[in-house]
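Report on one structure; see the data block that follows.
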Amino acid sequence: MKSIIWALPVVGATVLLSTPVHAAEESASWADRISLYGDLRLRYEDIDEEGSGGAERDRERGRARIGLKADVSPNVKVTMGLATGGDNPVSRNVSADSGFSTKDIGIELFYVDWRATDYLTVYAGKMKNPLFKAGGVPLVWDSDLNPEGAAASISSGMFFANAGLFTVEERNGDDDSMLYAVQGGIKLGLGDSSKLTAGLGYFAYTNTAGYEPFYDGAANGNSVDANGDYLYEYKNTEAFAQFDTRFGDWPFQVYAHYTVNGEVDVEDTAFAYGAKFGSAKKEGSQQFSYTYQDIEADAVVGTFNDSDFGGGGTDSSGHMLKYKYMLRDTIGLGGTLFINKIDRFQGTEHDFNRLQLDVEFKFN
């Protein structure tokens, strides 16, 4: 199966190489085709978990990312990126500790996107997540998660669709864990300044039950057997909706996302809803958002959803409040407050609160 995934860019390259080269492309220098991007974030974080010794934990953290984008033909681009955080699939943060030690850095992105037609774009490699998330909420997928494999996005009129085939864990024989995902929906204009995006999706992992959790052996809230291996499979249906409008000069968005794992009978559901007011992109702009999430223990794979909410993983519920203000087009101040309950299914439900204060610098 993996040979099919990685063969897709080879097929695309064959098609592209057979296409006549335009004069404008011949004359363009590599400097004109390449752009650099990056960002640096410094964070203060305070964690207060009930029953964890009665003391708060506070720490300084940082994240740095740098990447390159290149136009290799009029309809093909490549992206390569490096980031701090080592091999953690859902976090790029490093902490200020360990006696001034050198911090880990790894390959965050390497992918090709090929705009095959006006309606179809194909991706291959380690890519930005192509799946739609209502309101950007990390109910199923953390914002730092970059899956590996092949994907396609289709947009025609009011209709859109996304599909992906990703390699999660390679093992000997035919026991690889794969992730299949498909979404379909509509983007419907409502008047001059309003739009509704809504749809359904299905995603499924193969060879999950009886195997070790996907990263670092950590269950992250999912049910495991006596050996610490996954107890269940994860095959989910989802529904999502996002409504965008404006109040004067202020963008306003409300959103909801729901998913259920059809392979379990209890602790199978996760949902989120919330609202966002404003848009922090230009100097002097700001935005506020509020999200409520409830993620039952085996609703989704805990390795891949939000690494901050409830301490990361599943079996958590509660509130997430965010604020961001742009000092300059390239400098932002922000804060996030998590007020959560965790470990309900484990029978030891308790409070988990986290405060993050950020200053971000970016260039592109």
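List of remarks:
Every residue, every condition in (1) modelled with pLDDT of 95 or more; (2) surrounded by 18 or more Cβ atoms within 10 Å (Cβ to Cβ), yes or no:
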position: ALA275; (1), (2): yes, no
position: LYS282; (1), (2): yes, no
position: ASP298; (1), (2): yes, yes
position: ASN305; (1), (2): yes, yes
position: GLY318; (1), (2): yes, yes
position: LYS324; (1), (2): yes, yes
position: THR348; (1), (2): no, no
position: LEU357; (1), (2): yes, no
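- Test: residue in the range 85-94 that is in contact (Cβ under 8 Å) with a residue 40 or more places away in the chain, crowded, with 18+ Cβ neighbours inside 10 Å and either β-branched (Val, Ile, Thr) or part of a strand (DSSP E or B) (or both): yes
- Positions within the range 63-82 being under 20 Å from ARG43 (Cβ atoms) and aliphatic (A, V, I, L, M), in sequence order: ALA64, ILE66, LEU82
- Residue check: ALA198 meets all listed conditions (1) assigned to a strand (DSSP E or B); (2) at pLDDT below 95 but one, namely (2).
- Close contacts from the range 95-107, counting a first residue that is closer than 13 Å to GLY62 by Cβ and a second that is among the polar types (S, T, N, Q) and in a strand (DSSP E or B), with Cβ to Cβ under 6 Å and a gap of 6+ residues or different chains, come to LYS103/THR84; ILE105/THR84.
- Filtered residues of the range 163-177 (kept if over 18 Å from TYR119 (Cα atoms), touching a residue at least 12 places away in the same chain (Cβ under 8 Å) and either surrounded by fewer than 16 Cβ atoms within 10 Å (Cβ to Cβ) or touching a Gly at 6+ places or on another chain (Cβ under 8 Å) (or both)): LEU165, PHE166, THR167, GLU170, ARG171, ASP175, ASP176
To keep it simple, each residue is scored yes or no on (1) in contact (Cβ under 8 Å) with a residue 12 or more places away in the chain; (2) of a type in the set (A, V, I, L, M).
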| residue | (1), (2) |
| --- | --- |
| ASP265 | no, no |
| TYR273 | yes, no |
| ILE295 | yes, yes |
| GLY302 | yes, no |
| ASP308 | yes, no |
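- Hey, ASN236 modelled with pLDDT of 95 or more, assigned to a loop (DSSP other than H, G, I, E, B) and in contact with a Phe, Trp or Tyr (Cβ under 9 Å, 6 or more places away or on another chain) or not: no
- Of residues in the range 13-47 being at pLDDT below 95, more than 24 Å from LEU82 (Cβ to Cβ) and acidic (Asp, Glu), the one surrounded by the fewest Cβ atoms within 10 Å (Cβ to Cβ): GLU26
- Residues that are outside any loop (DSSP other than H, G, I, E, B) and aromatic (Phe, Trp, Tyr) were ranked within the range 113-129; the one that is nearest to the chain's Cα centre (by Cα) is TYR123.
- Of all residues in the range 56-79, those that are under 18 Å from ALA31 (Cα atoms) have Cβ atoms under 7 Å from Cβ atoms of residues that are of a type in the set (Asp, Glu) and crowded, with 16+ Cβ neighbours inside 10 Å, 6 or more apart or on another chain, in LYS77/ASP71; LYS77/ASP113.
- Those residues of the range 202-247 which are farther than 15 Å from ALA181 by Cα, within 21 Å of the chain's Cα centre (by Cα) and among the hydrophobic types (A, V, I, L, M, F, W, C), in sequence order: PHE214, ALA218, ALA219, ALA241, PHE243
- Exclusive hit being within 30 Å of LEU68 (Cα to Cα) and either of a type in the set (Asp, Glu) or modelled with pLDDT of 95 or more (or both), set GLN293, GLN286: GLN286
- Only one entry in ALA299, ALA256 is under 19 Å from the mean Cα position of the chain (by Cα), part of a strand (DSSP E or B) and not aromatic (Phe, Trp, Tyr), namely ALA256.
- Per-region count, the range 322-347, residues within 14 Å of GLU49 (Cβ to Cβ) and part of a strand (DSSP E or B): 5
- Conditions (1) farther than 26 Å from LYS195 by Cβ; (2) of a type outside the set (A, V, I, L, M, F, W, C); (3) not in a strand (DSSP E or B); number of the one not met by GLU108: (3)
The values are calculated or read from the model by the stated rules, or taken from the named source; none is laboratory data. Note that the coordinates shown come from a computational prediction; the quantities given were computed from them, not determined experimentally. Counting neighbours? That spans all protein chains shown, and the Cβs are built from the backbone with ideal geometry, glycine included.
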